[in-house]
């Protein structure tokens, strides 16, 4: 009986432990593991899009064509050894492009396909006065794509990880590279 009572007391004491949760600003930079995180995505996306839109080559391209270039964000490959949600990073790039008002953001392939399905269904089911027409999409002039890599150096309980993000902005019609940028984030982790 004493063992059962002791077991119940231990079980009750473990179940009474509380967890503390504190809300923090999304802009707060916290790094718990030393791996790529949301702060890294935001910092690199903001720097790279600012660098792209301020570059002489991008401005020259826009002047030659006499309009705001339409950009579609393509594939950003994760070639690091970590799981990095590339879609989250891509969305940060898209937000930065959209908010820049220097370029037009064209919908990604995934969402274009969903819009086309909706447009097709409207042809059969929507009031003809409100049907979205075929052939009115904006074609992208430029595609932004790239890759994320990392280099790691370790010794004893210390680790240095250098994350390198390389982006390419390419003219879709000519395959000419309009801009080429690279940003690095280096982290020193001590266990």
Checking the condition under 28 Å from residue 84 (Cβ atoms), surrounded by 10 or more Cβ atoms within 10 Å (Cβ to Cβ) and more than 25 Å from the chain's Cα centre (by Cα), which residue from 159, 177 passes?
159
Got a number for residues in segment 125-142 being touching a residue at least 60 places away in the same chain (Cβ under 8 Å) and exposed (fewer than 10 other Cβ atoms within 10 Å of the Cβ)?
1
For segment 35-59, give me each residue that is assigned to a loop (DSSP other than H, G, I, E, B), within 14 Å of residue 148 (Cα to Cα) and in contact (Cβ under 8 Å) with a residue 12 or more places away in the chain.
35, 36
Here is a list of conditions, (1) surrounded by 12 or more Cβ atoms within 10 Å (Cβ to Cβ); (2) at pLDDT 90 or above; (3) out of contact with any strand residue (DSSP E or B) (no Cβ under 6 Å at 6 or more places or on another chain), and residue 102 meets all of them except one; can you say which number that is?
(2)
From the list 43, 76, 24, which residue is on the phi < 0 side of the Ramachandran plot and modelled with pLDDT of 90 or more?
76
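Here is a yes/no grid of residues against (1) over 21 Å from the mean Cα position of the chain (by Cα); (2) surrounded by fewer than 16 Cβ atoms within 10 Å (Cβ to Cβ):
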| position | (1), (2) |
| --- | --- |
| 33 | no, yes |
| 39 | no, yes |
| 50 | no, yes |
| 73 | no, no |
| 87 | no, yes |
| 107 | no, no |
| 114 | no, yes |
| 118 | yes, yes |
| 123 | yes, yes |
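The values are calculated or read from the model by the stated rules, or taken from the named source; none is laboratory data. All of these numbers come straight from a predicted model, not from anything done at the bench. Glycine gets a Cβ as well: all are built from the backbone with ideal geometry, and neighbour counts include every protein chain shown.
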